[in-house]
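K.L.:
Questions regarding the structure given below will be posed in turn.
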Amino acid sequence: MNAIEVNDLKYRYHDGTEALRGVSFCIAPGECVALLGPNGSGKSTLLLHLNGILPEKLSGDGTVKILGEPVTPENLETIRRQVGLVFQDPDDQLFCPTVQEDVAFGPQQLGLGDVEIAVRVQKALAQVGLAGFGRRATHHLSHGEKRRVCLAGVLACEPAVLVLDEPTSDLDPRGRREFKALLRQIPATKLIATHDLELVVELCSRAIVLDGGSVVADGPMLELLNDEKLMLEHGLERPHILRHQHPH
């Protein structure tokens, strides 16, 4: 059974803009897959369908299944237990006054008991390297710390599938390195929309290229990133890290 199965997904915004034009792909449990493409290619729109934030049936069609379960209004609670979504801007995700409250929010929605919630919050903060940060005010955190709190909030729900939108944008090189190391340790199935091609090379075995709301390529990461023609046609470039590995 696939962790994520998207079949002929179409979506248009209220103004008629076609954001997704029949997107199909499957991701096996445990895979770490990069979602690449220029800005406006539909990546964020696609990610929002994976846990039902964008209602699939409002003005689109096709199907999305998570671990074999269709994303439908009746099923949203189940789906959201399975899919953790980390938004591009941490300020869109953090809304509680302290780190602890923010990380506890998801587990509370799952109806867990106080003791279990406390254990999960502690564990998730330790996982992202923020042990002891529970009482800190969220608005006093650095950008990198905010990103990690968002990730902790998602991990505290113990999702099987982790979906990340530009997780390293706005981080300095050290912050990027640390965040990549964190992601590497998380065993969940991962789909990462990113422009950070070094991250892709280090973490992902496969890449899907989206452009104009359609999948234009899907295959082994190295094969796709080394295809200079493909990369350039879709507003991407072959990462420097590969140029050193494959001197011409």
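K.L.:
Across segment 182-230, which residue is surrounded by the fewest Cβ atoms within 10 Å (Cβ to Cβ) among those that are among the aliphatic types (A, V, I, L, M) and assigned to a loop (DSSP other than H, G, I, E, B)?
P.N.:
The extreme case among them is I186.
K.L.:
Test each condition in (1) more than 19 Å from the chain's Cα centre (by Cα); (2) part of a helix (DSSP H, G or I); (3) without any contact (Cβ under 8 Å) to a residue 24 or more places away in the chain for G132 and report the one that comes out false.
P.N.:
Result: G132 passes all but (2).
K.L.:
Next up: What are the pairs, 6+ residues apart or on separate chains, where a residue within segment 1-21 that is modelled with pLDDT of 90 or more and exposed (fewer than 15 other Cβ atoms within 10 Å of the Cβ) has its Cβ under 9 Å from a residue that is in a loop (DSSP other than H, G, I, E, B) and of a type outside the set (G, A, S)?
P.N.:
M1/P29; M1/L67
K.L.:
Here is a check on your reading of the model: is L48 crowded, with 21+ Cβ neighbours inside 10 Å and either within 18 Å of I208 (Cα to Cα) or at pLDDT below 90 (or both)?
P.N.:
Answer is no for this residue.
K.L.:
Run L125 past the list (1) assigned to a helix (DSSP H, G or I); (2) more than 26 Å from E5 (Cα to Cα); (3) at pLDDT below 95 and report the number of the one that doesn't hold.
P.N.:
Here L125 clears every test but (3).
K.L.:
Across segment 85-113, which residue is nearest to L191 (Cα to Cα) among those that are at pLDDT below 95 and of a type in the set (D, E)?
P.N.:
Going through the qualifying residues, I end up with D89.
K.L.:
Let me ask something else. Mind checking which residues of segment 116-175 are hydroxyl-bearing (S, T, Y) and exposed (fewer than 14 other Cβ atoms within 10 Å of the Cβ)?
P.N.:
Hit for segment 116-175 is S142, nothing else.
K.L.:
Right, next: E237 passes all but one of (1) surrounded by fewer than 14 Cβ atoms within 10 Å (Cβ to Cβ); (2) assigned to a helix (DSSP H, G or I); which number fails?
P.N.:
Every listed condition holds for E237 apart from (2).
K.L.:
Being small (G, A, S) and touching a helix residue (DSSP H, G or I) at 6+ places or on another chain (Cβ under 8 Å) is the filter; apply it to segment 175-204 and report the residue that is farthest from N39 (Cα to Cα).
P.N.:
My answer is G175.
K.L.:
Would segment 171-181 turn up any residue that is under 24 Å from I27 (Cβ atoms), among the aromatic types (F, W, Y) and not in a loop (DSSP other than H, G, I, E, B)?
P.N.:
Yes, segment 171-181 contains a residue that is under 24 Å from I27 (Cβ atoms), among the aromatic types (F, W, Y) and not in a loop (DSSP other than H, G, I, E, B).
The values are calculated or read from the model by the stated rules, or taken from the named source; none is laboratory data. Quick caveat, the model's predicted, so the values are computed rather than measured. Because the Cβ atoms are built from the backbone with ideal geometry, glycine has one as well, and the counts that use them run over all protein chains shown.
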